Amino acid sequence: MSTLLKTLSERGSDLWQATGQHIWLSVVSLLIAIIIAVPLAISVQKHKRIAELLNQIAGILQTIPSLALLGLLIPFVGIGQVPAIIALVTYAIFPIFQNTFVGLSSIDSLLEEAADAFGMTRWEKLRRFELPIAMPVILTGVRQAMVLIVGTATLAALIGSGGLGTFILLGISRNDNSLILIGAIASALVAVIFSGLIQLLQRVRLRTMLISLGVLVVGIAGFETYQGLQKNEPNITIAGKMGSEPEILINMYRDLIQNSDPKVQVTLKPDFGQTSFLFNALKSNQITMYPEFTGTVLQGLVKENRPVQDMNAPQIYRTAKNDLKSQFGMNFAKPMKYNNTYALVVKKSFAAKYHLKTISDLRRISNKLNAGFDLEFIDREDGYRGIKKLYGLKMKYQSMDPDLRYEALNKGAVNIADGYSTDSQIRQYHLVALRDNKQLFPIYQGAPLMKDSFAKNNPKIIKALNKLAGKISEKDMQQMNYEVNVQKRSAATVAKNYLVSQHLIGGK
């Protein structure tokens, strides 16, 4: 409890900001869903077959996994609030549409006949008795949609939309239960509060409700317009993959850029997601740059996979740089020194028991292996696919979050996992990285990846970023990861301390 309260005290301002972002996403998504679903249900009230078809379509959309939907939206609408709102609206339409149709369809037919006898128009019937009678059922659907939206909105943090999901993702990444609890509890409280407010709406008149919703819509639109007018200066958006290392690197990029030109505004989006999310976001101009690795470029991003096992580090970098430029019009800045390659890791006790030193040694005990692998590693040619082909090694495995797989290995839930050579958990949990004796894993040197047009228009920024070229050893990176993940120091502080110690920026 003391740790939770300490974390809450330290991150109070961040929590308020994240809560505001979460509420914003939730309210806007709910209003759009209401504007779509309620009129749609009213329009098909007398057409049950069409209503059933629309109900089935809305239900099918709701079954699409949220991460899959976000991934599908990024190439078309980029990252940030737009894809998040589209996804949330998609999930919210079903309960609102269904309840609105059920509420209107349940009205006594005698009332309808009496209204027709008095010559009431369609709008008069809706306003005077249909909507008021159906309102409790409609609001039940709205309340269900809001709870669904608030819970699903935590995933919006994966695509740079902020919200309380940032606390949960950061907690998983740092193995910090306090951050996870803060994000989860705050999200639950938001859902409970909004559910209560929606329930109170049942006690007010329809006209008052519509006026209140109108004021809310106008207020939100005005606030968004005001915010947009304030963003007059150019902004560089730097995103990073999941984990401490990408966050350290993007903080270094920001510090180097602002050290060269303090007037430049830099926005960071850490824990953005898997490689495909970032690459698509870069292609669609939703971010300016992100740290990428040479091996990943050649094995997963360019159109033709290159046989990199026989290339040295400079050759791999030149090939990756040329392919990115010719195929995507992108610029790959100069790489850092360390090789953040893949590794298969086991506990020291497990390695000693079965005399494991290389990946080939695993073939002797393949029937005893229970692996926890990252999804990206499972599907890569320089990952588990390559292990099966080159080493002739098959094992039982399950997919896991990149950070959770280490915890599972430490607790004995799995006995082998994939990792990176600079991961702090190798030191933290006393693990052994088995030697890649057949040289499956290529060299992975990191460098900023951006559009070529941006690089040409900003030579001063490129010069600043290139100060990291040839810097940071594997030992340095593992130590910095250890400071963030284990010693709980902020990535921004760790990044700045390194730059100052190497005289790349001035200290304060």
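The values are calculated or read from the model by the stated rules, or taken from the named source; none is laboratory data. Keep in mind the model is a prediction, meaning the values are calculated, not measured. Using ideal geometry, Cβ is built from the backbone for each residue, glycine included, and neighbour counts are taken over all protein chains shown.
Looking only at segment 243-266, filter to residues that are at pLDDT 90 or above and polar (S, T, N, Q); which one of those is nearest to Ser424 (Cα to Cα)?
The extreme case among them is Asn251.
Taking Gly163 as meeting all but one of (1) outside any helix (DSSP H, G or I); (2) touching an Asp or Glu at 6+ places or on another chain (Cβ under 8 Å); (3) in contact (Cβ under 8 Å) with a residue 40 or more places away in the chain, write down the number of the exception.
The number of the failed condition is (2).
Looking at segment 427-486 only, could you name the residues that are within 22 Å of Asn410 (Cα to Cα) and aromatic (Phe, Trp, Tyr)?
Tyr429, Tyr482
Identify the single condition in (1) within 24 Å of Ala447 (Cα to Cα); (2) out of contact with any Asp or Glu (no Cβ under 8 Å at 6 or more places or on another chain); (3) in a helix (DSSP H, G or I); (4) at pLDDT 90 or above that Lys325 does not satisfy, given that it satisfies every other one.
(2)
Filtering segment 92-133 down to residues that are among the aromatic types (Phe, Trp, Tyr) and surrounded by 15 or more Cβ atoms within 10 Å (Cβ to Cβ), which residue is farthest from the chain's Cα centre (by Cα)? Quick ask: steps written out before the conclusion?
Kept after step one, since they are among the aromatic types (Phe, Trp, Tyr), are these residues of segment 92-133: 94, 97, 101, 118, 123, 129.
Now narrow it down to the ones that are surrounded by 15 or more Cβ atoms within 10 Å (Cβ to Cβ): 94, 97, 101, 129.
On the way: Phe94: 24, Phe97: 29, Phe101: 35, Phe129: 45 Å.
Here the residue is Phe129.
Within segment 131-139, identify whether any single residue is in contact with a helix residue (DSSP H, G or I) (Cβ under 6 Å, 6 or more places away or on another chain), among the aliphatic types (A, V, I, L, M), farther than 16 Å from Ile34 by Cβ and assigned by TED's automatic domain parsing to the domain that holds Ala87, and answer yes or no.
No - not one qualifying residue is present in segment 131-139.
Only one of these conditions is not met by Pro335: (1) in a helix (DSSP H, G or I); (2) buried (at least 21 other Cβ atoms within 10 Å of the Cβ); (3) at pLDDT 90 or above. Which number is it?
(1)
Is there any pair with a first residue in segment 266-293 that is farther than 19 Å from Leu67 by Cα and a second that is polar (S, T, N, Q) and assigned to a helix (DSSP H, G or I) whose Cβ atoms are under 7 Å apart and which are 6 or more apart or on different chains, and what are they?
Note: pairs meeting the criteria are Val266/Gln258; Leu268/Asn251.
So that you can scan it fast, the table gives a plain yes or no per residue for (1) outside the structural domain of Asp401 (by TED's automatic domain parsing); (2) without any contact (Cβ under 8 Å) to a residue 24 or more places away in the chain:
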| site | (1), (2) |
| --- | --- |
| Thr422 | no, no |
| Arg427 | no, no |
| His430 | no, no |
| Pro459 | yes, yes |
| Lys463 | yes, no |
| Lys471 | yes, no |
| Gln478 | yes, no |
| Tyr482 | yes, no |
| Ala492 | yes, no |
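Give the residues of segment 436-472 that are more than 18 Å from Tyr338 (Cβ to Cβ) and surrounded by 15 or more Cβ atoms within 10 Å (Cβ to Cβ), sorted by residue number.
Hits for segment 436-472 are Leu440, Met450, Lys451, Phe454, Ala455, Asn458, Ile461, Ile462, Ala464.
Identify, please: which residue in segment 134-144 is out of contact with any Gly (no Cβ under 6 Å at 6 or more places or on another chain) and β-branched (Val, Ile, Thr) and is, among those, surrounded by the most Cβ atoms within 10 Å (Cβ to Cβ)?
Start the filter on segment 134-144 by keeping residues that are out of contact with any Gly (no Cβ under 6 Å at 6 or more places or on another chain), which leaves 135-136, 139-144.
Subset that is β-branched (Val, Ile, Thr): 140, 142.
On the way: Thr140: 18, Val142: 26.
For segment 134-144, the residue satisfying everything is Val142.
In segment 145-185, what residues are among the aliphatic types (A, V, I, L, M), surrounded by fewer than 22 Cβ atoms within 10 Å (Cβ to Cβ) and over 27 Å from Ser424 (Cβ atoms)?
Val147, Leu148, Ile185, listed by residue number.
Pick from Leu104, Leu88: which is modelled with pLDDT of 90 or more and either within 28 Å of Ser26 (Cβ to Cβ) or of a type in the set (Phe, Trp, Tyr) (or both)?
Values: Leu104 fails: modelled with pLDDT of 90 or more.
The unique qualifying residue is Leu88.
So, in segment 39-74, of the ones that are of a type outside the set (A, V, I, L, M) and surrounded by 13 or more Cβ atoms within 10 Å (Cβ to Cβ), which residue ends up nearest to Glu124 (Cα to Cα)?
Step one: filter segment 39-74 for residues of a type outside the set (A, V, I, L, M), giving 39, 43, 45-49, 52, 55-56, 59, 62-63, 65-66, 71.
Add one more test, that the residue is surrounded by 13 or more Cβ atoms within 10 Å (Cβ to Cβ), and what stays is 45, 55, 59, 62, 66, 71.
Details: Gln45: 15, Asn55: 26, Gly59: 31, Gln62: 33, Ser66: 40, Gly71: 44 Å.
If we take residues in segment 39-74 being of a type outside the set (A, V, I, L, M) and surrounded by 13 or more Cβ atoms within 10 Å (Cβ to Cβ), then Gln45 is nearest to Glu124 (Cα to Cα).
Results for (1) in contact (Cβ under 8 Å) with a residue 40 or more places away in the chain; (2) on the phi > 0 side of the Ramachandran plot, shown as yes or no for each residue.
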{"site": "Ala58", "(1), (2)": "yes, no"}
{"site": "Pro65", "(1), (2)": "no, no"}
{"site": "Leu73", "(1), (2)": "no, no"}
{"site": "Gly80", "(1), (2)": "yes, yes"}
{"site": "Ala87", "(1), (2)": "yes, no"}
{"site": "Ile93", "(1), (2)": "yes, no"}
{"site": "Thr100", "(1), (2)": "yes, no"}
{"site": "Glu112", "(1), (2)": "no, no"}
{"site": "Ala115", "(1), (2)": "no, no"}
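For segment 485-508, enumerate the residues that are assigned to a loop (DSSP other than H, G, I, E, B) and either within 23 Å of the chain's Cα centre (by Cα) or β-branched (Val, Ile, Thr) (or both).
Hits for segment 485-508 are Val486, Lys488, Arg489, Ser490, Ile505.
Considering only residues of segment 476-488 that are out of contact with any Ser or Thr (no Cβ under 6 Å at 6 or more places or on another chain) and modelled with pLDDT of 90 or more, which is surrounded by the fewest Cβ atoms within 10 Å (Cβ to Cβ)?
Once the filter is applied, the top-ranked residue is Gln479.
Residues that are of a type in the set (A, V, I, L, M, F, W, C) and within 22 Å of Glu245 (Cβ to Cβ), at least 1 per element: which helices (runs of 4 or more DSSP H) completely within segment 383-442 meet that?
Working: elements: 384-391, 404-411, 424-428.
Output list reads 404-411, 424-428.
Quick one: is Ser187 in a helix (DSSP H, G or I), at pLDDT 85 or above and not aliphatic (A, V, I, L, M)?
On the way: in a helix (DSSP H, G or I): yes; at pLDDT 85 or above: yes; not aliphatic (A, V, I, L, M): yes.
Yes, satisfied.
What are the pairs, 6+ residues apart or on separate chains, where a residue within segment 346-369 that is in the same structural domain as Leu390 (by TED's automatic domain parsing) has its Cβ under 9 Å from a residue that is acidic (Asp, Glu) and at pLDDT 95 or above?
Hits for this filter: Ala351/Asp361; Tyr354/Asp361; His355/Asp361.
Just to be sure before I move on: is Gly470 small (Gly, Ala, Ser), within 23 Å of Met311 (Cα to Cα) and in contact with a strand residue (DSSP E or B) (Cβ under 6 Å, 6 or more places away or on another chain) in the structure I sent? Quick ask: steps written out before the conclusion?
Details: small (Gly, Ala, Ser): yes; within 23 Å of Met311 (Cα to Cα): yes; in contact with a strand residue (DSSP E or B) (Cβ under 6 Å, 6 or more places away or on another chain): no.
Here the answer is no, as Gly470 does not meet what is asked.
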